[in-house]
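**Student:** Sharing a structure with you now.
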Amino acid sequence: MRALLATSLLLLASAVSHAAEVVKLELSADDRMVYSKTTFEVVSGQKVSLVFKNASAKGEKSMKHNVVLLKPGTTVIQFAPKCHAAAATGYVPTDKESKALMVGNTKLIGGGESATLNFVAGEPGEYHYFCSSPGHFDKMFGKIIVKAK
């Protein structure tokens, strides 16, 4: 009986530990205006850390990039026009309606910089991401596929 209880507790601790693990996704972009990866897969409920690195040339005039992650059912084509009017906020709209369509975003970063977007993977589906810097979204996009547990 004690062995069964000990085994059960060990399995429970392992499951809790696994659920608490953070999945690290690495993404980069450079002056070619393409992301290094266009598809990721995670499991619903997982903690995710999306680490984005801008590999563009360093300096004040470096090409700036970011990552905007949308909720399922929202397309880049539908959302991107809202970004162009948001120059003051790094080309990420901050109105209530737009925020409701996003999981989150990184800030706009220059060459040699990195930024991280932490989130918990939601319901199963396709979560599209893109760069909201003007003129970038038609080349810089991808998706995170969230699968059921």
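Just so it is clear, none of the values below were taken in a lab; they were calculated from the coordinates. Everything numeric here is computed off the predicted structure, so don't read it as measured data. Every residue, glycine among them, receives a Cβ derived from its backbone with ideal geometry; neighbour counts consider all protein chains shown.
**Student:** Can you check what the net charge comes to around ILE109, using other residues whose Cβ is under 9 Å from the Cβ of ILE109 (Lys, Arg +1; Asp, Glu -1)?
**Tutor:** +2
**Student:** Now, a different point. What list of ³J(HN,Hα) couplings, whole Hz, do you get for region 74-88 from phi and the Karplus terms 6.51, -1.76, 1.60, once you set θ to phi - 60° and write x for glycine and proline?
**Tutor:** Each residue of region 74-88 in turn: 9, 9, 4, 4, 6, 8, 3, x, 5, 6, 5, 7, 10, 4, 5 Hz.
**Student:** Just to confirm a number: summing +1 for Lys and Arg and -1 for Asp and Glu over residues other than PRO81 whose beta-carbon lies under 14 angstrom from that of PRO81, what do you get?
**Tutor:** With Lys, Arg at +1 and Asp, Glu at -1, the net is -2.
**Student:** Can you compute the modelled spin-label distance between LYS58 and GLU123, with each label point 7 Å from Cα toward Cβ, in nm?
**Tutor:** Label-label distance for LYS58 and GLU123, simple model: 4.5 nm.
**Student:** Is there a quick way to get the dipole size of the chain? I mean about its Cα centre, with the Cβ of Lys and Arg at +1 and of Asp and Glu at -1; what is the value in debye to the nearest 20? Intermediate values should be presented prior to the final figure.
**Tutor:** Values: 18 positive and 12 negative charges, 35 e Å.
Dipole of the chain, to the nearest 20 debye: 160 debye.
**Student:** Moving on. Towards the positive end of the charge dipole of the chain, with charges on Cβ (+1 Lys, Arg; -1 Asp, Glu), say which of SER28, SER62, VAL146 has the farthest Cα.
**Tutor:** The Cα lying farthest towards the positive end belongs to VAL146.
**Student:** In the chain, what % of DSSP beta bridges are antiparallel (nearest 5)?
**Tutor:** Bridges in the chain that DSSP calls antiparallel: roughly 60 percent.
**Student:** Suppose each label sits 7 Å from its Cα in the direction of the beta carbon; what would the SER44-LYS149 distance come out to in nanometres?
**Tutor:** Roughly 0.9 nm, to one decimal.
**Student:** Translational D (Stokes-Einstein, µm²/s) of region 23-83 at 4 °C and 1.567 mPa s when Rh comes from the Kirkwood sum over C-alpha pairs?
**Tutor:** Reported coefficient: 95 µm²/s.
**Student:** How far apart, in nanometres, would the label points at VAL22 and THR75 be if each is projected 7 angstrom from Cα along the Cα-to-Cβ direction?
**Tutor:** 3.4 nm
**Student:** Can you give the angle from 0 to 90° between the axis of helix 2-20 and the longest principal axis of the chain, with both taken from C-alpha atoms, to the nearest 10?
**Tutor:** So the helix axis and the longest Cα principal axis differ by about 0 degrees.
**Student:** Moving to a separate point now. Give me the percent relative contact order of the chain, please, defined on Cα pairs under 8 angstrom at least 6 residues apart.
**Tutor:** Answer for the chain is 31 percent.
**Student:** Let me ask you something else. Just to confirm a number: summing +1 for Lys and Arg and -1 for Asp and Glu over residues other than VAL146 whose beta-carbon lies under 13 angstrom from that of VAL146, what do you get?
**Tutor:** +2
**Student:** Separate question: Near the amide H of VAL23, under 5 Å away, which other amide H atoms are found, from residues 5 or more places off or on another chain, if H is placed in the peptide plane?
**Tutor:** LYS47, VAL48, SER49
**Student:** Any idea what the alpha-carbon Rg over 2.2 N^0.38 Å comes to for region 80-149?
**Tutor:** 1.17
**Student:** Looking at [x] 16.5; [y] 16.9; [z] 15.9, which value of Kirkwood radius over Cα pairs in Å comes from a calculation on the structure shown?
**Tutor:** [x]
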